[in-house]
Structure formats: C-alpha cells, structure tokens
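J.: Please see the structure below; I have some questions.
The values are calculated or read from the model by the stated rules, or taken from the named source; none is laboratory data. Keep in mind that what you see is a predicted model, and the values were worked out from it rather than measured. FYI the Cβ positions are ideal-geometry reconstructions off the backbone, even for glycines, and counts take in every protein chain you see.
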Amino acid sequence: MGRPLTAPVKLKEGYYIELRRTGANSGIKIRRDTYPEIEMATEKYKATYVVVYLGKMVKGKFQKDVRE
C-alpha cells in the first residue's frame, strides 16, 4: 500500500462526459478528442446510464459551450 494522492488529478485536453447510474452522486469520466465522438458516446451510453456533458477541457479548466 502506498501513500494517498496529495496532488489533484490532471485531466487531458479533450471533451468529457460523465456516466452515472440512476440515483448515484458520482460517476466515471470519459474523454474523446472531438465533439462528434462525444456525441456518439452519449448515444451509446444513454440507454443504461445518466449522461452528463461536462465540456471541453482546455489548460486544466472546463469550457461548457464549446462545440466544434
């Protein structure tokens, strides 16, 4: 067993969605390089998960309404 993380996790640049089960408070983040890929992933997972669009990660911050 190692030490717990002390630094926050740094996410790569790209588009992110979060997948949650119904009633869950947290979920898993999925990253794709382009917005059309994120749309396809949303269609794929929306039948079994609650899909939340987080936005585009640029320089460590989310930009909500960026769609290319």
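J.: For segment 12-23, which positions are exposed (fewer than 14 other Cβ atoms within 10 Å of the Cβ) and farther than 13 Å from residue 48 by Cα?
T.: Hits for segment 12-23 are 12, 13.
J.: While we're here: Just a yes or no: is a residue in segment 42-56 of a type in the set (Asp, Glu) and touching a residue at least 12 places away in the same chain (Cβ under 8 Å)?
T.: no
J.: Could you check segment 12-43 and list, in sequence order, the residues that are at pLDDT below 90 and either part of a helix (DSSP H, G or I) or within 25 Å of residue 59 (Cβ to Cβ) (or both)?
T.: 26
J.: Hey, another quick one. Would you pick out the residues in segment 1-40 that are under 11 Å from the mean Cα position of the chain (by Cα) and without any contact (Cβ under 8 Å) to a residue 12 or more places away in the chain?
T.: Within segment 1-40, 28 is the sole residue that qualifies.
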